[in-house]
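A.B. asks: Take a look at the following structure, please.
None of the figures in this text is laboratory data; all of them are computed from the coordinates on show. Since the structure is predicted, the reported quantities are computational estimates derived from the model, not experimental observations. Cβ placement follows ideal geometry from the backbone for every residue including glycine, while neighbour counts extend to all protein chains displayed.
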Amino acid sequence: MAGWMFPRCLFGPRLNRIHRSPEQSRTDGRTGRRGWNYQAKSLERHTDSIIGWASTLWSISYYSSPLLLCYLYRKGYICSSKLVPCGQYVGTVLVCLLGVACLRGWGRWKNSEYLQFLSILEENRNNNIPTNKKKLRCYDFDFSHWPTDFSWTEVSNPKSSKAGVSLLKPEPRTRGTADTILSFVRTMPCHIIGFLITHSFGRRMLYPGSVGLLQKAMRHMLQQGQARLIEEFDGQRNKLVACDGNEIDTMFVDRRRDGGENGQTLVICCEGNAGFYEVGCMNTPLEGGYSVLGWNHPGFAGSTGVPFPQNEANAMDVVIQFAVHKLGFQLGDITVYAWSIGGFTACWAAMSYPEIRSLVLDASFDDLLPLALKVMPDSWRPLVQHTVRQYMNLNNADQLCKYQGPVLLIRRTKDEIITTTGPEDIMSNRGNDLLLKLLQFRYPKVMTDDGIRAVREWLGASSPIEEAYVYSSYEVDDDWCVSVLQSYQTDRDVHYPWSVGEDMTLEGRRQLALFLARKHMRNFDTTHCTPLPFSEFHTPWRL
């Protein structure tokens, strides 16, 4: 027994917390599943701290390696006479770390709690049945060792393959063969530079949550958030394998047993560029009694991979498949809720699964390109345009216009992130463009120049009072607008775009444009990163 356990203690996962099981909660009469942090003994605690500091130093060296190499080269350290002693020094450090790892394994081997956890983990690997999985869910440990709960291969899904799900690509400009070859040769340097920028600092600037150092700094906070979801809401952590092989870390809170109407609806939450389900927007629908499924971007916390658009869409696809085929929800019971950059995967889901119930986008934008251009020098404009379109084409509006269902946009009136000139200029908020593009696609005869002008005036209102004044100044009759739209829908029952408004007066089109704008967008008077209270989370308007 000892010979079998020690190697697994040596290479086993880090154990963070032990949650009380539901059976324990019922036995002792306490509410919730309040657990306790794993108490490592002194030998394990000190050796684990040394390994943690070594990992942090390695991360710092990795991210600063370009500057470090330049410094060493200028000082003359990159030569054969200096590299050999350096290699010997590195070898000595590695041997010492191996010794520290062995001591940590010895400390774990002497801890009864760790040995009990390890036996449950091994039992689950040998026989992955529900009773064993239930025992394993009482432990929070390194997610890379967590067994797979669902894989994209378990269902026949025409949208996904080993090559990945399909994305909406920008339309290429038609040219002759000679022009295409000449253009390719001329833009080759741009291709190379764009690739290097994207795969080095570009992706990390866009998704800072994927940076290991930030995750290390937030580790305690993430562990606390995860413990809260499991112990207070009876959340279930699951590992999903997407079609690209990435492992996606998810958390599911089931409210169907509570008997409430909202519990029958599943809200799938898509986080921002530094958001994690442990501390992110899951809390908003949870306050309203909804069943909630949160997931982390590829490269965030327990999820593997990197958050490129293709990987993001692949992850979203397996999350939806998991919700339908493993959790038992119908597509018509699913609402997708996204904050900030999470709008990309939410819009992709709405485009690819048009049967979903509704879509709620909070503080999201229409297209990444204008926001990328605002932070880069003007001289870089061609390079930025090529890089975004080629590698980070977050074209939310184009995808959103493929969806036929109810949509609600929430605009932060003091948003400092998705504005192109600053939070004081509300008209530079890219949420405005997302609304206008959606309405122009769905109601092109209403959103003529006069309709757009009226909506822009409403969007430019600096306060709820001014907003109400603009609305009333156009004498909008809500009942008349509803009757017009219902009459059109009854007579035709067609998909968007609608031709309603083509035989309407100028005043009628303005009224209808403002009515539709107010039904599709709500303002929240705060900044970009303020958590959305449930009072601001509304069911999208449905005619």
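A.B. asks: Leaving out same-chain residues fewer than 8 places away, which lysines sit with a Cα under 20 Å from that of Lys41?
C.D. replies: Counting by Cα, and skipping residues close in sequence, Lys41 has these lysines nearby: Lys110.
A.B. asks: So how strong a dipole does the chain carry about its Cα centre when Lys and Arg Cβ are +1 and Asp and Glu Cβ are -1, to the nearest 20 debye?
C.D. replies: 2460 debye
A.B. asks: Rank by packing, highest mean first: peptides 100-106, 509-515, with packing defined as the count of other Cβ atoms within 10 Å averaged across residues.
C.D. replies: 509-515, 100-106
A.B. asks: Number of Lys pairs in segment 148-405 with C-alpha atoms less than 16 angstrom apart, excluding same-chain neighbours closer than eight positions?
C.D. replies: So the count of such lysine pairs works out to 4.
A.B. asks: Kirkwood hydrodynamic radius, computed over distinct alpha-carbon pairs, for segment 380-468: how many Å, to one decimal?
C.D. replies: 14.8 Å
A.B. asks: So what is the diffusion coefficient of the chain in µm² per second by Stokes-Einstein at 20 °C and 1.002 mPa s, using a Kirkwood Rh over Cα pairs?
C.D. replies: After rounding, the answer is 82 µm²/s.
A.B. asks: For a distance above 21 Å, tell me the whole-number percent of Cα pairs in segment 432-538 that qualify.
C.D. replies: Tail of the P(r) past 21 Å holds 38 percent of the pairs.
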